[in-house]
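Here, each number is a calculation from the coordinates, and none is a lab measurement. Fair warning: this is a prediction, and the values are worked out from it, not measured in the lab. In this analysis, Cβ positions are derived from the backbone assuming ideal geometry, glycine residues included, and neighbour counts consider all displayed protein chains.
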Amino acid sequence: MENFKMLIVDDEADFLETILKRLKARKIEVAGVDSGYKALEYLENHDVDVMILDVKMPGMDGIETLREIKKKKPRVEVIMLTGHASVESGIQGMQLGAFDYVMKPVALDELLEKVRQAYERKMIQEGKS
Amino acid sequence: MEAKQYRKLWWNLILTTLSFSLVPLFLLGGVIYHQFSVSYTARIMDDMKTRAVNRCSSIDLFLDERISQLTSLANTQTLDQLKNEDYLGRVFNIIQTRSKSFLDLGVIDESGNHLAYVGPYYSVLKQVNYKDEQWFHEVMATGIFVSDVFLGFRKIPHFIIAVMVREKNRNWILRATIDSDVIDNIVHLAWIGKKGDAFLINRDNILQTTPRFGGKVMGPPEAPDFANATRNLAEEMDFQGHKVLYATGIVRVKKWVLVVQEDPTEQLTPILQARFLLLSICFGGLLLIILGAFATTRAMMTELMQMDRVRAASDEVAMQSSKMAALGKMAAGIAHEINNPLAVIGEKAGWIKDLLKMDLADPENFQELSEAVNKIEYHVVRAKTVTHRLLGFARRMEPVEERISINTVLDESIDFLENEARYRNIDIQTNYAPDLPLTSTDQSQLQQVFLNIINNGIDAIGKDGEITISTKTNSRQSDIIVEITDNGPGIPKDVLQKIFDPFFTTKEVGKGTGLGLSISYSIMEKLGGRIMVASEEGRGTTFTIYLPVR
């Protein structure tokens with residue numbers, strides 16, 4: 001039983017649906033949306049610790065969404081998810097304050113490990129303040 | 001460039017250089033020669049005219065003197081005095097001391113009888129009656145008579161001067177024979193150089209003096225007929241196939257014509273020398289110019305060929321690097337398109353693993369399992385289409401001509417970029433002519449052009465926009481026309497002129513090679529077509545691609 005709250009943002013419906021099922025089966029508190037706008041909307045009303053954010057999305061893309069999130073909810077840790085090994089967008093994400101970036105396809109355990117690390121950092125930073 | 005084109009350029013350069021150098025050279029040479037020859041000939045002619053006039057004046061002076069001698073003699077002496085042959089002989093001797101030109105002297109009465117005679121032919125001439133002679137009538141009518149030259153009994157050329165004297169109620173004539181040697185000597189002074197000639201003719205074109213060349217006294221001259229000349233003239237004439245310079249003068253007293261004759265080859269030698277010199281200079285100049293033209297053209301052609309080779313090599317490199325850039329861009333897109341289905345497959349597999357740990361007899365779990373397997377199959381197919389498309393493109397990287405449908409090539413190109421466009425919220429609309437003819441061309445190169453232009457459209461729009469792709473043929477069905485229009489910001493006029501230049505780019509450093517459109521342009525030229533661009537700032541840009549139907 002993990003005690004962090006996750007949000008997954010990805011436009012690939014099959015991916016989103018499956019990963020949500022698997023995380024819920026692991027008793028993780030998780031929600032999913034399929035666009036940047038919806039993610040921002042969700043953040044308005046819900047508390048989120050770690051967010052998995054796809055870079056390439058129609059409409060508002062990951063980088064843009066990240067920029068907005070960091071403006072509104074800087075405490076939320078974001079892990080970028082990219083479809084291709086674009087170091088460039090990864091670095092750009094990190095510069096904008098993302099915790100890390102992960103390339104698709106990624107094993108769920110690997111992803112969860114990153115989520116845990118991100119959550120730890122969030123805890124440390126919150127403890128400090 | 002091909003050898004034939006080089007050859008043509010070479011000829012153009014040589015001919016241009018030669019004509020621009022040789023025309024002024026020959027023009028200058030010609031003008032100088034003509035000017036010199038005209039003024040020199042005019043001077044020679046003038047000179048000849050002056051000589052003719054001088055000689056005529058001398059002859060006139062001589063004749064005038066002789067006439068006045070006779071006239072004064074006749075008018076100071078009476079007939080009775082002169083009838084006396086002893087007296088006449090004394091008078092003759094006095095005249096002779098001053099001038100040897102008088103050969104004899106005779107006194108003739110009005111009926112033509114010789115009253116007195118002094119001279120070497122006394123026995124012959126004393127008896128002669130002149131009343132039927134032509135000259136006798138003339139002198140009786142006009143008072144003074146000068147004859148043409150004749151040989152007479154003496155067999156030497158001479159002429160006579162006769163003056164009539166009126167004494168009270170009778171008329172008588174004093175007649176003198178003049179040795180025409182003196183006239184000859186005067187005329188001979190006009191023999192200039194080695195070939196110059198001068199002679200006198202009477203009004204019947206009979207020689208009055210001995211010419212230097214050809215013809216004898218009392219015979220016709222070997223020259224054109226100047227017997228009717230009335231003025232002092234000089235001109236060049238053809239005589240028996242030769243060019244000869246002639247000048248004429250008129251002897252006032254006797255209306256004889258003095259003809260001065262010159263050989264132009266002698267008189268105009270300076271002109272010929274000048275001509276030779278000019279021709280030599282022109283010929284030398286010609287040689288120099290030809291040599292120079294060949295040398296510079298050769299140097300230029302070598303330089304040009306060298307530059308062409310370097311450019312061809314760099315074109316090759318640019319082409320290759322653009323191909324690599326296109327490949328790189330495509331690889332990134334393809335990785336994304338494959339990794340997405342892979343991610344789904346991965347998740348589904350993970351989900352199946354999770355389910356396997358649960359109770360599969362539960363129909364809900366079984367349903368999940370079955371659904372997950374279906375999804376895996378679906379995403380495998382999705383990834384497969386991507387890799388197959390890539391394989392198709394890779395296969396077509398080799399240049400080949402095949403009969404292709406432009407609409408299909410456009411569709412494939414759009415497939416490559418559809419995701420990119422979707423992420424950027426760009427709508428790609430197509431408006432194809434359904435009956436577009438097939439054409440033989442290189443599909444992969446054409447696809448590269450389409451990808452480049454559509455990609456540029458996407459980049460130009462950035463986000464949220466529309467790209468319209470339409471195909472049609474021109475009215476003669478000879479060209480396929482593809483129009484790719486974006487509603488991006490458009491291209492400013494000053495930039496529009498440069499978009500086909502190699503290495504010109506408006507994209508950030510590292511984002512574009514600046515080669516896409518330049519390569520596309522050269523590809524279309526190679527395929528026999530062309531690209532045109534029209535753009536309006538704020539409205540968008542249209543690229544129009546013309547491809548011949550073959």
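What's the FRET efficiency of B:E235 with B:T302 using the Cβ-Cβ distance as r and R₀ = 56 Å, to the nearest 0.05?
So, using R0 = 56 Å, E works out to roughly 0.45.
Can you tell me the order of B:516-522, B:237-243 when each peptide is scored by its average per-residue count of other Cβ atoms within 10 angstrom, highest first?
On the way: B:516-522: 22.1, B:237-243: 9.9.
Ranking, from highest mean packing down: B:516-522, B:237-243.
Quick one: which of B:475-484, B:443-452 comes out on top by average Cβ neighbours within 10 Å, and what's the full order, highest first?
B:443-452, B:475-484
Checking the table A:K56/A:K122; B:K100/B:K131; B:K8/B:K498; A:K27/B:K348; A:K21/A:K114; A:K21/B:K357 against a 22 Å threshold on Cα-Cα, which pairs fail? Walk me through the numbers before you get to the answer.
On the way: A:K56/A:K122 25 Å; B:K100/B:K131 28 Å; B:K8/B:K498 30 Å; A:K27/B:K348 18 Å; A:K21/A:K114 19 Å; A:K21/B:K357 14 Å.
With Cα atoms farther than 22 Å apart: A:K56/A:K122; B:K100/B:K131; B:K8/B:K498.
Would you kindly calculate the mean projected area, averaged across all directions, of the convex hull enclosing the Cα atoms of the protein assembly as shown, in square nanometres? Walk me through the numbers on the way to the answer.
Values: hull surface 235.3 nm².
The Cα convex hull of the protein assembly as shown, projected and averaged over all directions, gives 58.8 nm².
State, to one decimal in nm², a quarter of the convex hull surface area for the C-alpha atoms of the stretch B:258-313, i.e. the direction-averaged projected area.
5.1 nm²
What list of ³J(HN,Hα) couplings, whole Hz, do you get for the stretch B:118-133 from phi and the Karplus terms 6.51, -1.76, 1.60, once you set θ to phi - 60° and write x for glycine and proline?
Values per residue, Gly and Pro as x: 10, x, x, 10, 3, 4, 6, 7, 4, 7, 5, 9, 9, 5, 9, 6 Hz.
Considering only DSSP beta bridges where both residues belong to the protein assembly as shown, give the percentage that are antiparallel (nearest 5).
Around 75 percent of the beta bridges assigned by DSSP in the protein assembly as shown are antiparallel ones.
What distance in nm lies between label points placed 7 Å from Cα along the C-beta direction at B:R203 and B:T78?
About 3.9 nm separates the two model spin labels.
When the chain is fully extended, how far beyond the present Cα-Cα distance does B:N228 get from B:T385, taking 0.36 nm per residue of separation? Could you put the intermediate results ahead of the total?
Details: separation 157, 0.36 × 157 = 56.52 nm, distance 11.46 nm.
Here the segment from B:N228 to B:T385 would lengthen by 45.1 nm.
Determine, for B:T387, A:T18, B:T71, B:T297, the number of other Cβ atoms within 10 Å of each Cβ, and report the residues in order from fewest to most.
With the sparsest Cβ surroundings first, the list reads B:T387, B:T71, B:T297, A:T18.
Extent of the stretch B:402-548 along each principal axis, from alpha carbon coordinates, in Å, largest to smallest?
39, 30, 26
Taking amide H positions as placed in the peptide plane 1.01 Å from N, state which residues far from B:A198 in sequence (5 or more) or on other chains have amide H under 5 Å from it.
B:R212, B:Q261
Determine the shielding of peptide B:347-356 by partner chains: average, over its residues, the number of Cβ atoms on other chains within 10 angstrom of each Cβ.
Other-chain Cβ atoms within 10 Å of each residue's Cβ, averaged: 5.
Could you check the spin-label model distance between B:I94 and A:Q125? Points 7 Å from the Cα along Cα→Cβ, value in nm.
16.0 nm
Modelled label-to-label distance, A:D47 and A:A107, 7 Å Cα→beta-carbon offset: nm?
Modelled inter-label distance: 3.3 nm.
Taking neighbour counts of Cβ atoms within 10 Å as a proxy for exposure, in what order, fewest first, do B:K155, A:K24 appear?
With the sparsest Cβ surroundings first, the list reads B:K155, A:K24.
Bin all alpha-carbon pair distances of chain B at 10 Å intervals from 0 and give each bin's fraction as a whole percent.
Once binned at 10 Å, the Cα pair distances of chain B give 3, 12, 13, 9, 7, 6, 5, 5, 6, 6, 6, 6, 6, 4, 2, 1, 1, 1, 0, 0.
From the backbone phi of the stretch B:352-362, what are the Karplus-calculated ³J(HN,Hα) couplings (6.51 cos²θ - 1.76 cosθ + 1.60, θ = phi - 60°) in whole Hz, Gly and Pro given as x?
Listing the rounded values in order: 4, 4, 4, 5, 4, 6, 9, 7, 6, 5, 4 Hz.
Would you pull out the residues with amide H under 5 Å of B:D479's amide H, same chain only if 5 or more places away, H placed 1.01 Å from N?
Close amide H contacts, sequence-distant or interchain: B:N474, B:V549.
Determine, from the Cβ-Cβ distance of B:L438 and A:K27 and an R0 of 41 Å, the FRET efficiency 1/(1 + (r/R0)^6), rounded to the nearest 0.05.
Plugging the Cβ-Cβ distance into 1/(1 + (r/R0)^6) gives 0.10.
Run the paramagnetic zone check for B:K463: 7 angstrom along Cα to Cβ, then residues of the stretch B:404-443 with backbone nitrogen under 15 Å.
B:421-427
Assuming R0 = 51 Å, what is the FRET efficiency of B:K526 and B:R43, from their Cβ-Cβ distance, to the nearest 0.05?
My answer for the efficiency is 0.10.
Report, by chain and number, residues whose modeled amide H sits under 5 Å from the one on B:I426, excluding near sequence neighbours (fewer than 5 apart, same chain).
Here the answer is B:D464, B:G465, since their amide H atoms fall under 5 Å of that of B:I426.
Which lysines, if any, have their Cα less than 20 Å from the Cα of B:K168, not counting same-chain residues under 8 positions apart?
Counting by Cα, and skipping residues close in sequence, B:K168 has these lysines nearby: B:K83.
Any idea what the relative contact order of the stretch B:19-138 is, in percent, if you count C-alpha pairs under 8 Å spaced at least 6 apart?
13 percent
Subtract the Cα-Cα distance of B:E266 and B:L15 from 0.36 nm times their separation in residues, and report this length gain in nm to one decimal.
This chain segment gains 86.3 nm when fully extended.
Can you sort B:T265, B:T177 by how many other beta carbons sit within 10 Å, fewest first?
On the way: B:T265 13, B:T177 23.
Neighbour counts put them in this order, fewest first: B:T265, B:T177.
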